[in-house]
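Here the structure is laid out as structure tokens; the discussion comes afterwards.
The values are calculated or read from the model by the stated rules, or taken from the named source; none is laboratory data. Computed from a prediction, not measured in an experiment: that's the story for all the values here. Methodologically, a virtual Cβ is constructed for each residue, glycine included, from the backbone with ideal geometry; neighbour enumeration extends over all protein chains shown. Quick note on the areas: whole protein, heavy atoms, side chains included, nothing else; ligands and nucleic acids left out. Shrake-Rupley method; radii C 1.70, N 1.55, O 1.52, S 1.80 Å.
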Amino acid sequence: MIPWIELTQVNKQIDDFRLGPVSLAIEPGTITALVGNNGSGKSSLLKLIMNMANMDEGNIQVFGEPVDGEDESWKRHVTFLPQTPVGWNAYTGNDLKNLIAPLYAKWDDVLFERMIQLLDIPLDKRFGKLSPGVQQKLSLSLALPRHTDILILDEPTASLDIPSKNLVMDLLVDWMEREDRAIILTTHQPESLRKLADYLFLMKDGQAIGHYEKDQLTSGFRRYWLEEMPAEAVPGERSRSGRQLVSDHLEATENYLADHRIGIVDNKALELEEVISLLLA
Amino acid sequence: MNDWNQAYRLAAFEIKASLRNLLLILAFYIAMSLIFMMSFDVYLEGDFKGFDIMFLLVFFMFPAWMKGKEFQMQKMDGNLWSSPSIIMLQQLPISRNTIVKSRFLIHAFCSFPFQLILLIAMPLMSDNFREAMTPVSYAVFVLMWLAISIAVGFMMAASEAGGNFRMKEIVLSFIYILIAAAAVYLLFPMLSGSGFIEWTMAIAVDWPLLTGVAAVLLMIAGWKYWQVDMRKTMKKTDYL
């Protein structure tokens, strides 16, 4: 399948922080979560995709068009929602809708009104006067109805209360199901990852750790409770504590334990956030 | 939607959001300027040496300050300086060309009416000015000052694209600008024998056709140059 977004060996020096090399392909019908520690370069990477900054090396293409080329028409296919929208403070929700809606051919007024009602957003107050949670709700209500092929969301649920968070996640799932679309999002919220993401792209200190299919990632890690812990390292061992062993090469670990007649008392797949913590440690 | 139509829509949108404040500030600046203009006759009689610099400040800086704080260039994250509108608009499917044009339209809206009032106030408030100018030379004089407004003043609009600056660079740039302005201000009377406004009056009276043509050329050059400059700045700036 031809990727809708393709990053190839992207590098960027930002003061004393080096982002990259990062290579990533986003295919239609997928939700990819960029996951990493604070300051790992996720937001900067999203801004590079939006051509808000210049790469030092590498190439980013959206629908086959280089984002840093003269032709900027690719932007019609992309909705970008930064973590904190800049330049919105002076405008009311109504103003922002009037600015944004005409720019998108598929703008969906029905969805917009539905989100405004569901999330209880005042449209007559200036954006800068709204609480961070309501600002985020309004930003999302101005993002989804654009119905672009690609949605790029930077921490879309970070400031939301629990009911709104669930509502927004349902809306995002519904939004994905309507057409062939793709979402890239950054999030630190395990429930968002569990519910939304198909793929995880892990980053640490500006470097790409790996691009994983979510279910394969969680099924690839297991915690074993052993009758006794061998002194030497076990094949596939990622960590150990007391008689607990975590492995990411299940077959090799189980073969070793069988060969050395070490009994397994119990075993359990790791939670997604445990796997991520291990990979980012 | 072509670039100009969309630029006009964006400019109208921003102006509408700050119209009330903008009109209040405009009224305040006009009142202040007209009080200042009462000394125009004193300048033309040669008794107000600082008038030129004050007039230039009022003529160029008041329009730039007229915009609401939310729309002016400011320090963003890290070493990024920019107008927040520039960042917002770049995240939407709007070409850089259109963004540039919309910033220029907004600047024109803030500057031209105010500057025209200043220029119209001159013959109304000064007997010396009225006596020196014919209707034709006055028209040329107004045209020339509007050309100067575009050639120099639109630098303000172009500067909204911002850039990635360290504090040392900003301080140094500020010092260079001050030195350059002081040099021009001190050298100009020595070379021309008069103040800058007086000199522009003189060339409008003595060479109206040549001055008019030069003004139109200056307008076109300024209009084109600052648009290209702003596009280049937007392209090279990291809005991170």
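In summary, residue A:228 fulfils each of the numbered conditions (1) assigned to a loop (DSSP other than H, G, I, E, B); (2) modelled with pLDDT of 95 or more with the single exception of condition (2). One residue stands out among those in segment B:139-158 that are out of contact with any helix residue (DSSP H, G or I) (no Cβ under 6 Å at 6 or more places or on another chain) and open to solvent by less than 50 Å² (accessible area, probe 1.4 Å): the one that is nearest to residue B:235 (Cα to Cα), which is B:148.
Of the helices (runs of 4 or more DSSP H) lying entirely inside segment B:1-110, the ones with 1 or more residues being surrounded by fewer than 16 Cβ atoms within 10 Å (Cβ to Cβ) are found at B:3-17, B:19-37, B:40-44, B:51-66.
Filtered by the rule that a residue be open to solvent by 30 Å² or more (accessible area, probe 1.4 Å) and of a type in the set (A, V, I, L, M, F, W, C), segment B:111-138 gives B:112, B:116, B:117, B:120, B:124, B:125, B:132, B:136.
Among the residues making up segment A:73-83, a single one is open to solvent by 30 Å² or more (accessible area, probe 1.4 Å) and either more than 9 Å from chain B (Cβ to nearest Cβ) or closer than 25 Å to residue B:77 by Cα (or both): A:83. The number of residues in segment B:213-233 that are more than 14 Å from every other protein chain (Cβ to nearest Cβ) and among the charged types (D, E, K, R) comes to 2. A single member of B:204, B:214, B:182 is over 22 Å from residue B:73 (Cα atoms) and either open to solvent by 50 Å² or more (accessible area, probe 1.4 Å) or charged (D, E, K, R) (or both), and it is B:214.
Conditions (1) within 14 Å of chain B (Cβ to nearest Cβ); (2) of a type in the set (Ser, Thr, Tyr); (3) on the phi > 0 side of the Ramachandran plot; (4) not in a helix (DSSP H, G or I), marked per residue:
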| site | (1), (2), (3), (4) |
| --- | --- |
| A:10 | yes, no, no, yes |
| A:13 | yes, no, no, yes |
| A:18 | yes, no, no, yes |
| A:25 | no, no, no, yes |
| A:29 | no, no, yes, yes |
| A:35 | no, no, no, yes |
| A:44 | yes, yes, no, no |
| A:51 | yes, no, yes, yes |
| A:55 | yes, no, no, yes |
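Counting only strands (runs of 3 or more DSSP E) that sit completely within segment A:144-222, those holding 2 or more residues that are over 12 Å from the mean Cα position of the chain (by Cα) and of a type in the set (A, V, I, L, M, F, W, C) correspond to A:207-213.
Matching residues to (1) within 14 Å of chain A (Cβ to nearest Cβ); (2) in a loop (DSSP other than H, G, I, E, B); (3) out of contact with any Pro (no Cβ under 7 Å at 6 or more places or on another chain):
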site: B:179; (1), (2), (3): no, no, yes
site: B:185; (1), (2), (3): no, no, yes
site: B:191; (1), (2), (3): no, no, yes
site: B:194; (1), (2), (3): no, yes, yes
site: B:198; (1), (2), (3): no, no, yes
site: B:211; (1), (2), (3): no, no, yes
site: B:235; (1), (2), (3): yes, no, yes
site: B:240; (1), (2), (3): yes, yes, yes
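Taking the listed residues A:49, A:31, the one that is under 23 Å from residue A:191 (Cβ atoms) and in contact (Cβ under 8 Å) with a residue 40 or more places away in the chain is A:31, with no other qualifying.
Applying the condition of being within 11 Å of chain B (Cβ to nearest Cβ) and part of a helix (DSSP H, G or I) to segment A:102-122 and asking which residue is most open to solvent (accessible area, probe 1.4 Å) yields A:102. Got at least one residue in segment A:84-95 being more than 8 Å from every other protein chain (Cβ to nearest Cβ), open to solvent by 50 Å² or more (accessible area, probe 1.4 Å) and part of a helix (DSSP H, G or I)? The answer is yes; a qualifying residue exists. When segment A:61-72 is filtered for residues that are more than 8 Å from chain B (Cβ to nearest Cβ) and of a type outside the set (Phe, Trp, Tyr), the ones remaining, listed by number, are A:61, A:62, A:64, A:65, A:66, A:67, A:68, A:69, A:70, A:71.
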